[in-house]
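Below is one structure, written out as structure tokens; the observations come after it.
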Amino acid sequence: MSITPITQSNIDSARKTDLLGLTLPQMQEWLLERGEPAFRAKQLYSWLYQRLVTDFSAMSNLPQSLRNQLVQEANIGPMIVRSEQHSKDDRTRKILLELGDGKLIESVLMLYPPIGESNARATVCVSTQAGCAFGCTFCATGQMGFDRHLTSGEIVAQVLIFARELRAAPWAAKGLPGSAPIDHITNIVLMGMGEPLHNYDNVLQALRILNSSEGFNLGARHMTVSTVGLVPAIRKLSQEQLQVNLAISLHAPTDELRSRTMPINKKYPLEELIAACKDYIAATGRQVTFEYVLLAGVNDKEEDAHLLGTLLAPLKQFAHVNCIPVNATSADFKPPGGEAISTFRNVLFEHRISNSVRAERGDDIAAACGQLRTHFEKNRKQQ
Ligand code: SAH
Ligand code: SF4
């Protein structure tokens, strides 16, 4: 456990209200308590999410007295960027953030050039917890243990940091002359540190804030929640009026194999998990993505692919498998070679399971979440 020194800035940020954690109605309420009319909340929302400002003094249509009060009582996602790394091709950018209480988290921006009919994309990979309680053996975050849940404001702030960066310096794919530079975030994936559905309320609140048409206005269909497989929370999510995408970290086709790398499987074994996915599909009519981290010699055999095809067959066209060659975080796991990956995928196609493979990216900047923090903490200890 790390001991966080108590500093004046920690005390200040704990005392103030983080505006990024408030929905529009909550901001109206907060301002009302301070004698301000409701329309001020819309103005404030627009400064925060459309103009992307970080400084109350820039909010020129708010009265000076309110701006002064905001300086005293509120802040805008208080966190410090401790380190930033760009991959050589500049398409993956990773930041290490220090939160108000000194905890460290990572966020990543992934930039994709336009391909055929589809436009360029800018996707933020967002953390939802500092550390993680679920201990998957191939995951750098899982090896750290759990620090705490992130607040909704801390989740929203990660997206805004990259949104401001792109606004200030739009990105254009090199070698594609004529393609319009991209200056805004198009997608978010909750695939950073932590388990989103373990921090259910704060995560849902953050997604609603980012979705608000009066604010950041990011469509729910451009948001993906990835889960280790918390069955009751998956069932709860299926009842929300928010059309987000669901990704399940499956990573093995049998209980025996899954329990070896993912301790959560003992609590929610495959039969229960797949049943919850089936009900989710029935309730939402939406496809579910199954993430499958390929670990050479562990879960990448032809037989594993057949078992996976059989497991997912009842979900028919509503199941999609995303094959992810593991980012080696320790000597224990290695990604399979290209041939093993294509054999695995072909077997899935034989079972009529749609599938894709995640292009490896950002290896030169320790892309798997948790790795940057691990490196940073190792260096800090050595200093
Ligand atoms: N806790 C959630 C979301 C964060 S992890 C979950 O587990 O789904 C996001 C994705 O990255 C998950 O599919 C996870 O299994 C995967 N992942 C973890 N460690 C990885 C590694 N070393 N290489 C590739 N993917 C990894
Ligand atoms: Fe946690 Fe997801 Fe990593 Fe598992 S893969 S330890 S659930 S962050």
> Restricted to segment 322-348, and to residues that are modelled with pLDDT under 95 and of a type in the set (S, T, Y), which residue is nearest to ligand 1 (Cβ to nearest atom)?
Replying inline: T329
>> One residue is enough: does segment 287-297 have a residue meeting the conditions aromatic (F, W, Y) and either crowded, with 22+ Cβ neighbours inside 10 Å or under 30 Å from L44 (Cα atoms) (or both)?
In response: yes
> Can you tell me which residues in segment 53-67 are within 23 Å of L218 (Cα to Cα), surrounded by fewer than 18 Cβ atoms within 10 Å (Cβ to Cβ) and not charged (D, E, K, R)?
Replying inline: V53, T54
> Would you pick out the residues in segment 31-71 that are assigned to a helix (DSSP H, G or I) and closer than 18 Å to G153 by Cα?
Replying inline: L31, A41, K42, L44, Y45, S46, W47, L48, Y49, F56, L70, V71
> Taking V228 and the conditions (1) out of contact with any helix residue (DSSP H, G or I) (no Cβ under 7 Å at 6 or more places or on another chain); (2) aliphatic (A, V, I, L, M); (3) touching a residue at least 40 places away in the same chain (Cβ under 8 Å), which numbered condition does it fall short on, given that it satisfies the others?
Replying inline: (1)
> Restricted to segment 313-342, and to residues that are within 16 Å of L270 (Cβ to Cβ) and under 25 Å from the mean Cα position of the chain (by Cα), which residue is surrounded by the most Cβ atoms within 10 Å (Cβ to Cβ)?
Replying inline: A319
>> Quick check on my filter: what residues within segment 123-140 are closer than 17 Å to I155 by Cα and either in contact with a helix residue (DSSP H, G or I) (Cβ under 7 Å, 6 or more places away or on another chain) or within 8 Å of ligand 2 (Cβ to nearest atom) (or both)?
In response: V124, V126, S127, T128, Q129, C132
>> Can you report the number of residues in segment 291-322 which are within 16 Å of ligand 2 (Cβ to nearest atom) and out of contact with any Cys (no Cβ under 8 Å at 6 or more places or on another chain)?
In response: 6
> Quick one: is G135 in contact with a Phe, Trp or Tyr (Cβ under 7 Å, 6 or more places away or on another chain) and within 13 Å of ligand 1 (Cβ to nearest atom)?
Replying inline: no
> Taking segment 221-239 as the search range and keeping residues that are over 11 Å from L273 (Cα atoms) and exposed (fewer than 14 other Cβ atoms within 10 Å of the Cβ), which one is nearest to ligand 2 (Cβ to nearest atom)?
Replying inline: K236
> Scanning segment 1-30 for residues that are at pLDDT below 95, of a type outside the set (S, T, Y) and not in a helix (DSSP H, G or I), which turns out surrounded by the most Cβ atoms within 10 Å (Cβ to Cβ)?
Replying inline: I6
> Just one of L160, L109, L204 is touching a Phe, Trp or Tyr at 6+ places or on another chain (Cβ under 9 Å), part of a helix (DSSP H, G or I) and either over 28 Å from S330 (Cα atoms) or not basic (K, R) (or both); which is it?
Replying inline: L160
>> With the requirement that a residue be free of Cβ contacts under 8 Å to residues at least 60 places away in the same chain and within 12 Å of ligand 1 (Cβ to nearest atom), what does segment 252-264 give you?
In response: A252, R258
> In segment 105-128, is there at least one residue being more than 24 Å from H222 (Cβ to Cβ) and either more than 16 Å from ligand 1 (Cβ to nearest atom) or crowded, with 20+ Cβ neighbours inside 10 Å (or both)?
Replying inline: no
>> I want to confirm something. Restricting to segment 141-164 and keeping residues that are modelled with pLDDT of 95 or more and more than 24 Å from V244 (Cβ to Cβ), which single residue is farthest from ligand 2 (Cβ to nearest atom)?
In response: D147
> Just a yes or no: is a residue in segment 202-219 farther than 20 Å from T289 by Cβ, within 12 Å of ligand 2 (Cβ to nearest atom) and not small (G, A, S)?
Replying inline: no
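The values are calculated or read from the model by the stated rules, or taken from the named source; none is laboratory data. Being a predicted model, the structure only gives us computed values, none of them experimental. All Cβ positions, even for glycine, are placed from backbone atoms using ideal geometry, and neighbour counts span all protein chains on display.
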